[in-house]
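Participant: So that we are looking at the same thing, I have put the structure below in structure tokens.
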Amino acid sequence: MTAYSGYVEHSDFYIAPQSYQDAFDFLCQLAVESEEDVFYIGKVSENIDDFDLYDVVEFKWNEDRGAWVQYDHR
């Protein structure tokens, strides 16, 4: 099973690996509460003690759509 983690642009921590939907929901909430309009989500390796994100996706808040929109990351 693939695990996912991510971060908000100006946050100082990554969230613990979890399912995609749980990670997405948490990051949406964290971004809103942090008054940010961007967050990143990606896959993590099996080793959760020291993990790296890969296949990272950037989400930005789109005011016109009223939704988080996926963008290519870097």
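Participant: Write out, first by first residue and then by second, each pair whose Cβ atoms fall under 6 Å of each other, whose residues are 6+ apart or on separate chains, and whose first residue, in segment 40-63, is more than 18 Å from E9 (Cα to Cα) and of a type in the set (S, T, Y) while the second is modelled with pLDDT under 95 and surrounded by 12 or more Cβ atoms within 10 Å (Cβ to Cβ).
Facilitator: Listed pairs, sorted by first residue: S45/F51.
Participant: Under 8 Å by Cβ, and 6 or more places apart or on different chains, what pairs join a residue from segment 6-35 that is of a type in the set (V, I, T) with one that is open to solvent by 80 Å² or more (accessible area, probe 1.4 Å) and at pLDDT 90 or above?
Facilitator: What qualifies is I15/F26.
Participant: Which members of segment 31-62 meet the condition of being modelled with pLDDT of 90 or more and part of a loop (DSSP other than H, G, I, E, B)?
Facilitator: Those that are modelled with pLDDT of 90 or more and part of a loop (DSSP other than H, G, I, E, B): S34, E35, E36, D37.
The values are calculated or read from the model by the stated rules, or taken from the named source; none is laboratory data. Everything quoted here is computed from the prediction, not taken from an experiment. Reconstructed Cβ throughout: ideal geometry from the backbone, glycine too, with neighbour counts over all protein chains shown. Surface accessibility is based on the protein's heavy atoms, side chains included, excluding ligands, DNA and RNA. Shrake-Rupley method; radii C 1.70, N 1.55, O 1.52, S 1.80 Å.
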